[in-house]
1. Give, rounded to the nearest 20 debye, the magnitude of the charge dipole that region 131-259 has about its Cα centre when Lys and Arg contribute +1 at Cβ and Asp and Glu contribute -1 at Cβ.
2. Give me the mean projected area, in nm² to one decimal, of the convex hull enclosing the Cα positions of region 273-361.
3. Please identify every one of the chymotrypsin sites (Phe, Trp or Tyr not before Pro) in region 250-346 that sits in a loop by DSSP and has no more than 14 other beta carbons within 10 Å of its own beta carbon.
4. Per residue, how much accessible surface does region 183-319 expose to a 1.4 Å probe? Answer in Å², no decimals.
5. Going out from 0 in 5 Å bins, what whole percent of all Cα-Cα distances in region 222-343 drops into each bin?
6. Work out how much length Glu203 to Ala226 would gain on full extension: take 0.36 nm times their residue separation and subtract the Cα-Cα distance, in nm to one decimal.
7. Calculate what fraction, in whole %, of the accessible area of region 198-339 sits on carbon and sulfur atoms when a 1.4 Å probe is rolled over the protein chains.
8. About its Cα centre, what dipole magnitude does region 273-361 give when the only charges are +1 on Lys and Arg Cβ and -1 on Asp and Glu Cβ, stated in debye to the nearest 20?
Amino acid sequence: MDAHPDRERDTMMLARCLMLAAGCAMLAACAQPGIAAQSAIVATSAASAMPLQAPAQPEATPLPPTLPAPAEKVATTVAPATAAPATATVPTPTNQPNTPRSLATQFPQPFDEVEIVEHFLAGDPLPPGAGGLSTNYRYGMTWDGRLAPHHGSDYTSALGQTVIAVGEGTVFYGGPDLGPFFGIKPDFYGNVVVIKLDVLWNETDVYALYGHLDTVLVKTGAVVSAGEVLGTVGDTGVAYGPHLHFEIRIGDDPTIYTRVRNPELWLRPPPYHGVLAGRVVNAAGYLVPGQRVYYECASSRKRHVDTYWDIYTPSDRVLLENFVAGNILAGECVVTTEWAGARIEKRTLIEKGKLSFVVLTLPD
Ligand SMILES: [Zn+2]
């Protein structure tokens, strides 16, 4: 169960976030490729918390609250990403990287054994051919240090494109992100639809969130079927431009901002495709944040993800992964990361409709 033990902590985190929203470093949290590339924003103080350019579109999102000091001393610190993504456009340089300085000891120490439990419970949030997953701002990533760790998946899509229910369920909320609100502050997600899926996971509720919609075409309380139109893609709330921001949240209260999980673990892969997940850990077994992981698979070019940058983009409670790469054509993959001049490599087989898992252990 995921609900009660964390609730108080999550609520405190949110309260701290809200306080910080008024007076601390702020970053944009949700972007649209291309447009964001021209207008990435970082503000570093309360006085400068407004966007530095293109003020009509991007706003600022608070960074997560300052992380607590680690309880024990383990040497690992964040390894900054070094290589530019192959496909991403180059965002406008910002004043400072401004990524959180997470430490490995602030992350859970995984069990030695990996229990692979798939839960591909949902379909795509867009109709076929209506948009694709943004590759450089996936869950837990920071767009090379320019944005706050991402709480969901962004889909490139056109203004007005319909978004659809990923499964059967009930509309928990459809309307402006004002009351209740689901982000770090009111109107963060603009027009938002949140569906409570009929399916449970480990007796826990599963919610799907659609942010920045142009229009909302369902009412709170409506019963929806998989594939039913919920609204249209827009750029409302904190968004650089039209795109779909999609999240999976679990637990009994979907308004809690930190109840997210990596959506790529929940969406059924397309035919002939599978999903890769894994951990990058230090020699002591702790998950290492902000570590770039490359994967080169059959019939595709080399791609990358970053391990989750902070503890507010949590892992699956069973897998305890810190990276996921979905939509990989079945075949062999070489998964690598680099640390202090060393190259750590694992090979794995991606199977159709399955989850594959690798553990990359960094040297001391
Ligand atoms: Zn987003």
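The values are calculated or read from the model by the stated rules, or taken from the named source; none is laboratory data. Predicted, not measured: the structure shown is a model, and the values here were computed from it. For neighbour counting, all protein chains shown are included, and Cβ atoms are generated from backbone atoms with ideal geometry for every residue, glycine included. What goes into the accessible areas is simple: the full protein's heavy atoms, side chains included, and nothing from ligands, DNA or RNA. Shrake-Rupley method; radii C 1.70, N 1.55, O 1.52, S 1.80 Å.
1. Numbers: 7 positive and 14 negative charges, 46 e Å.
Here region 131-259 has a charge dipole of around 220 debye.
2. Numbers: hull surface 22.4 nm².
Convex hull of Cα atoms, orientation-averaged projection: 5.6 nm².
3. Details: sites: Tyr257, Trp266, Tyr272, Tyr286, Tyr294, Tyr295, Tyr308, Trp309, Tyr312, Phe323, Trp339; in loops: Tyr257, Trp266, Tyr272, Tyr286, Tyr308, Trp309, Tyr312.
Here the sparse-neighbourhood loop sites are Tyr272.
4. On the way: 3890 Å² over 137 residues.
Accessible surface, normalised per residue, equals 28 Å².
5. 2, 9, 15, 18, 20, 16, 11, 6, 2, 1, 0
6. Roughly 6.2 nm would be gained on extension.
7. On the way: 2170 of 4100 Å².
For region 198-339, the apolar C and S fraction of the accessible surface comes to 53 percent.
8. On the way: 11 positive and 9 negative charges, 38 e Å.
Result for region 273-361 is approximately 180 debye, rounded to the nearest 20.
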